[in-house]
Number of protein chains: 2
Amino acid sequence: MDYRPVNLREKLATFDDYWAPRVVAALNDYQVKVVKVQGEFVWHKHAETDELFLVLAGELVIEFRDGQVALSAGELFVVPQGKEHRPVAQHECHLLLLEPAGVVNTGDAGEALTADNEVWI
Amino acid sequence: MDYRPVNLREKLATFDDYWAPRVVAALNDYQVKVVKVQGEFVWHKHAETDELFLVLAGELVIEFRDGQVALSAGELFVVPQGKEHRPVAQHECHLLLLEPAGVVNTGDAGEALTADNEVWI
């Protein structure tokens, strides 16, 4: 039988809202998510886990209290556990996220941008 | 301060050998690796963990005893824990791998293709 791969571009084409990650694959107790972002997210941290950002299209800046990292397509960064960060995208940007299942996108901030963390597409 | 992103293309440009994964990032107790592959790998399985393959460039077929999956750039597949598989690439293919730290590339097969599983670049 032919198994189906997960095509990231096809998955991203199925939705248009920003800051609302969708789960596309699971790896043990971790989840791979895709998300479209634009504008400024909220400052937050994840007390329990690191978080991986891989830019698939566009450009992302992740601000920290002590600096920032600028990411283009094909670049990734792991935000360490407990480090406050704020993702910012001047234009629409497509990301792959990797983190343990159950992680809430807004971390400790708990604001209006908090997304359902278990939406599979 | 400006933090440095991990540029996958730049990392891949630093080596030329096949089937020898390099670690480019850690996420909790998981590692992100990049690898260049060409030809047929050995049949093997990982008894303890799933394994994620994301194709960055080229094309990869992962053969299973009961079928296969064909992956192009921008496509990923998670090989389930315990499932025998054999990656095959007709031409040079660049992959991102994600799995827990310490996983041996040849799994239970233990052959000449076994790579050092902790080479950071």
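The values are calculated or read from the model by the stated rules, or taken from the named source; none is laboratory data. As the structure is a prediction and not an experimental result, all values here were calculated from the model. Positions of Cβ are backbone-derived with ideal geometry, glycine not excepted, and every protein chain shown enters the neighbour counts.
Observations on the model:
- Taking the criterion of being farther than 24 Å from B:Leu12 by Cβ and buried (at least 20 other Cβ atoms within 10 Å of the Cβ), the only residue of region A:58-85 that qualifies is A:His85.
- The condition of being in contact with a strand residue (DSSP E or B) (Cβ under 8 Å, 6 or more places away or on another chain) and among the small types (Gly, Ala, Ser) holds for only one of B:Gly82, B:Gly74, that being B:Gly74.
- Selection within region B:28-49 - within 10 Å of chain A (Cβ to nearest Cβ) and buried (at least 21 other Cβ atoms within 10 Å of the Cβ): B:Tyr30, B:Val32
- Boolean, A:Leu96 is more than 7 Å from every other protein chain (Cβ to nearest Cβ), of a type outside the set (Lys, Arg) and touching a Leu at 6+ places or on another chain (Cβ under 6 Å): yes
- Test result for A:Gly107, free of Cβ contacts under 8 Å to residues at least 60 places away in the same chain and either of a type outside the set (Val, Ile, Thr) or away from chain B (no Cβ under 14 Å) (or both): no
- In region B:101-112, the residue that is surrounded by the most Cβ atoms within 10 Å (Cβ to Cβ) out of those that are under 27 Å from A:Gly74 (Cβ atoms) and more than 12 Å from the chain's Cα centre (by Cα) is B:Ala101.
- Among residues of region A:34-50 being in a strand (DSSP E or B) and under 15 Å from A:Leu97 (Cβ atoms), the one that is modelled with the lowest pLDDT is A:His44.
- A:Gln90 surrounded by fewer than 18 Cβ atoms within 10 Å (Cβ to Cβ) and within 12 Å of another protein chain (Cβ to nearest Cβ): no
- Restricting B:Glu111, B:Glu118, B:Glu99 to residues that are among the acidic types (Asp, Glu) and part of a strand (DSSP E or B) narrows the list to B:Glu99.
- From A:Gln81, A:Gln68, residue being more than 14 Å from the chain's Cα centre (by Cα), at the interface with chain B (Cβ under 8 Å from one of its Cβ atoms) and in a strand (DSSP E or B): A:Gln68
- Scanning region A:1-12 for residues that are within 25 Å of A:Arg86 (Cα to Cα) and more than 7 Å from chain B (Cβ to nearest Cβ) gives A:Lys11, A:Leu12.
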